[in-house]
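The next block holds one structure in the form of structure tokens; read it before the comments.
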Amino acid sequence: MQNGMHTDREHCVRAVQSKDARFDGWFYTAVLTTRIYCRPSCPVVPPKPENMTFYPSAAACQQAGFRACKRCRPDTSPGSPEWNQRADLVARAMRLIADGIVDREGVPGLAGRLGYSTRQVERQLLAELGAGPLSLARAQRAQTARLLIETTPLPMAEVAFAAGFSSIRAFNDTVREVFALSPSELRDRTPKRSTKSPQGPYSPQPLQNPQPPHVTPGALTLRLPFRAPLNPDNLFGHLAATAVPGVEEWRDGAYRRTLRLPYGHGIVALTPKPDHIACRLTLSDLRDLTVAISRCRRMLDLDADPVAIDDQLRTDPLLAPLVDKAPGRRVPRTVDEAEFAVRAVLGQQVSTAAARTHAARLVTAHGDPVDDPEGGLTHLFPTPEALAVVDPESLAMPRTRRTTFTTLVGQLADGSLRLGPDSDWPQTRATLLALPGFGPWTVDVIAMRALGDPDAFLPTDLGIRRAAQELGLPSTPAALTARAAAWRPWRAYVVQYLWATDSHPINFLPV
């Protein structure tokens, strides 16, 4: 699958006629006779090919005057995998828009973070996605508004501002235009209770089941869709095994953690299910809903295309058995890039348990406290600004690593190093490598898990070299890197399959 798939009419028609859910989020089908747009897997009878036209984004459909289908709800398809496998201007812009930058800082703020002029950003987004940054952000606001309308009893005025609209009128007009229903009509159509979604594995249908005991009032419960297959073992196993006490925990079958967000803080519980990830969010400010969902999706790598990834990896006869045994492995990532970089330094040349202990001490001493009625979470992870004033002598680590730590947090705090969804991967790698104590392993693990580079590789990692030797792959870093050229651009996923050959706790769901 390539960028611009919506221009391949024959391919798109076949996908729609076969209701192929693998293509949800890659393109959208607009029906000329009904003026409705759908995802490829829409359960209704497919329209005649001559009545179909195709768009690269929900925003482009809305801009062209089409409204969202009420059956398949295409505005909530899994996101296009393009934005997580590329580091060009458009991909970086899309990641920032998903993180709410346009709503908080406007298009000039988006352009400034990308280092381009507003005109350049608008022109490139329009050329590739058929919609500019304002239209893309508006489509995202509409989706957030629908979610709040359907899952909360909030008054419509509160929904409007929580979703990012500047006025009640703009909120009403957008909801009517996108969904062909008023906000009140949209709420009236919502089932009061639903235990099973009629839409299959990609349904965004909110969960309306009774809350379990001791659940915080006002918590939002929803489904996070993904493209199947998804193997949860290494994904949730890694997050749980490396969890920092007070910030993260595994409780009652869910990975839970605190979130530092633009307007406040939150707590999220994520539970793997066969056809979705159950997500329960408690937010101090509902304006953070879109950002919280986006960051959780990135952490769990939910917008990946596992079929395309696994099909390529199967072409290597030594990897094929690993893929066939447990397909759909994702790369466990992070909700906070700066936090992960700090934790990567704390984890240099020590065990997983020791790294957790170092991080937990920093959290207790310098993290912001939070209340968690549902579990044992106590703090937000400390900000770089808070860590920049830590006395290096108080750190229980070798002097050289103290220098690495203080240099990193100092540059994160003063803005000379910026890690985020807008990061330019090659440039950020070069900046990190120039820091004292940063070698290839540390840079690549940050690139893989914080920046989201799907091609990051760890040829010097002890677990990777051990797995390579057992499989008959070259075990020296140089030879293994040369062999790994055939796995590009998915080498970060190969890391997950190779790690999974070990019996380390990161590879198993906690019991």
Self-check item: Using alpha-carbon coordinates, inclination of helix 462-471 to the longest axis of the chain, degrees
Solution: 80 degrees
Exercise. Considering the options N231, L259, L289, tell which one lies farthest towards the positive end of the dipole of region 220-301, charges being +1 on Lys and Arg and -1 on Asp and Glu at the Cβ, about the Cα centre.
Key: L289
Practice problem: Across the chain, how many lysine pairs, 8 or more positions apart or on different chains, have C-alpha atoms separated by under 21 Å? Please give the number. | Solution: 8
Exercise. Mind sorting out which of [x] 49; [y] 36; [z] 39 is the real percent of Cα pairs over 34 Å apart computed from the coordinates?
Key: [y]
Quiz item: Contour minus end-to-end for D188 and D391, with contour as 0.36 nm per residue of separation and end-to-end as the Cα-Cα distance?
Solution: 67.4 nm
Self-check item: FRET efficiency for E158 and E470, using Cβ-Cβ distance with R0 set to 51 Å, rounded to 0.05
Solution: 0.35
Quiz prompt | Integer Hz, Karplus 6.51/-1.76/1.60 couplings in order for region 251-261, x for Gly and Pro | solution = 9, 6, x, 10, 8, 10, 7, 8, 10, 8, 10
Exercise. State the cysteines of the chain left without a partner when partners are defined as other cysteines whose beta carbon lies under 4.7 Å away.
Key: C12, C61, C279, C296
Quiz item: In nm, to one decimal, how far is the K325 label point from the T352 one, both placed 7 Å along Cα→Cβ?
Solution: 1.7 nm
Exercise. State to the nearest 20 debye the size of the charge dipole of region 337-507 about its Cα centre, where the only charges are +1 on K and R beta carbons and -1 on D and E beta carbons.
Key: 800 debye
Quiz item: Could you put T271, T315, T282 in order, starting from the residue whose Cβ has the fewest other Cβ atoms within 10 Å?
Solution: T315, T271, T282
Quiz prompt | Residue-span extension gain [V307 to D285] - 0.36 nm each, minus C-alpha spacing | solution = 4.2 nm
Quiz item: So how tilted is helix 101-114 from the main axis of the chain? Cα-based, degrees 0 to 90, rounded to 10.
Solution: 60 degrees
Quiz item: Going toward the positive end of the dipole of the chain, with +1 on Lys and Arg Cβ and -1 on Asp and Glu Cβ, which of A413, A359, M299 do you reach last?
Solution: M299
Quiz item: Could you give the dipole magnitude of region 5-76 about its Cα centre, charging the beta-carbon of Lys and Arg +1 and that of Asp and Glu -1, in debye to the nearest 20?
Solution: 280 debye
Quiz item: Spin-label point model (7 Å from Cα, Cβ direction): what's the F508 to S167 distance in nm?
Solution: 6.0 nm
Quiz item: Expressed as an acute angle from 0 to 90° and rounded to the nearest 10, what is the orientation of the C-alpha long axis of helix 352-366 relative to the principal long axis of the chain?
Solution: 70 degrees
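Can you put T334, T190, T378 in order, fewest other beta carbons within 10 Å first?
Details: T334 22, T190 14, T378 18.
Lowest to highest Cβ neighbour count: T190, T378, T334.
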Self-check item: Cα-based Rg of region 83-188 normalised by 2.2 N^0.38 Å, two decimals
Solution: 1.15
Quiz item: Which of T383, S394, P369 sits farthest toward the positive end of the charge dipole of region 368-411, with +1 on the Cβ of Lys and Arg and -1 on the Cβ of Asp and Glu?
Solution: S394
Quiz item: What distance in nm separates the simple spin-label points at E177 and L433, each placed 7 Å from Cα in the Cβ direction?
Solution: 4.7 nm
Practice problem: Kindly provide the helix-only [θ] at 222 nm of the chain, computed as the sum of -39,500 (n - 2.57) over DSSP H runs of four or more divided by all residues, to the nearest 500 deg cm²/dmol? | Solution: -12500 deg cm²/dmol
Quiz item: Can you sort Y28, Y116 by how many other beta carbons sit within 10 Å, fewest first?
Solution: Y116, Y28
Quiz item: Placing +1 at every Lys and Arg Cβ and -1 at every Asp and Glu Cβ, with all other atoms neutral, what dipole size does the chain have around its Cα centre, in debye to the nearest 20?
Solution: 900 debye
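Since every read-out is calculated from the coordinates, none of them should be taken as a lab result. Predicted model, so just to flag it, every value in this text is computed and none were measured. Note: ideal-geometry Cβ built from the backbone for every residue, glycine included; neighbour counts use all protein chains shown.
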